[in-house]
């Protein structure tokens, strides 16, 4: 089990990743490579017999989607690409678009620039927004599963 605890000026957030003891998992701390101001992440590398995958859980508190937030997302995807294995990013991104069920076009532009596919198509928030996302690379086998 991997846990992470973040404290901001207004709240304390905990993230948790659980896995079977039989799976070889190691933490991936993206904070070693970059500093997050607008989002939190907890990552784990799962090593299989034939391939490995990095799974990152992201939380971005509700609020304005700033250019620094978009830069952090882009930097995070750049860092994940450098790891040399498949990756999946899941979590509560809080990037609603102008109408219910849509995502902010600036966030989807960042996803597209990094070749990411967003798999959640139904609202995940009571207001009708898609707050929780699952992102994979378009060319990863995980994207077609």
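The values are calculated or read from the model by the stated rules, or taken from the named source; none is laboratory data. Remember, predicted model here, so these are calculated numbers, not experimental data. Counting neighbours? That spans all protein chains shown, and the Cβs are built from the backbone with ideal geometry, glycine included.
Name every residue in the stretch 95-106 that is surrounded by 15 or more Cβ atoms within 10 Å (Cβ to Cβ) and at pLDDT below 95, in order of residue number. Before the answer, list the steps.
If we filter the stretch 95-106 for residues that are surrounded by 15 or more Cβ atoms within 10 Å (Cβ to Cβ), which is where we start, we get 95-97, 103-104, 106.
Listed by number, the residues that qualify are 95, 96, 97, 103, 104.
Which condition number does residue 116 fail, the rest of (1) on the phi > 0 side of the Ramachandran plot; (2) at pLDDT 95 or above being met?
(1)
What is the one condition in (1) buried (at least 17 other Cβ atoms within 10 Å of the Cβ); (2) outside any helix (DSSP H, G or I) that residue 110 does not satisfy?
Only one criterion is unmet by residue 110, namely (2).
Any idea which of 63, 91 is touching a strand residue (DSSP E or B) at 6+ places or on another chain (Cβ under 8 Å) and either on the phi > 0 side of the Ramachandran plot or modelled with pLDDT under 90 (or both)? Explain how you work it out, then say what you get.
Working: 63 fails: touching a strand residue (DSSP E or B) at 6+ places or on another chain (Cβ under 8 Å).
None of the others qualify; the one that does is 91.
Give the stretch 50-65 a look and list any residue that's closer than 26 Å to residue 96 by Cα and surrounded by fewer than 17 Cβ atoms within 10 Å (Cβ to Cβ), or say none.
Residues of the stretch 50-65 closer than 26 Å to residue 96 by Cα: 54-65.
Correct list: 61, 62, 63, 64.
Test of understanding: among 71, 78, which residue is without any contact (Cβ under 8 Å) to a residue 12 or more places away in the chain and over 11 Å from residue 135 (Cβ atoms)?
Details: 78 fails: without any contact (Cβ under 8 Å) to a residue 12 or more places away in the chain.
Selected residue: 71, the only one of 71, 78 that is without any contact (Cβ under 8 Å) to a residue 12 or more places away in the chain and over 11 Å from residue 135 (Cβ atoms).
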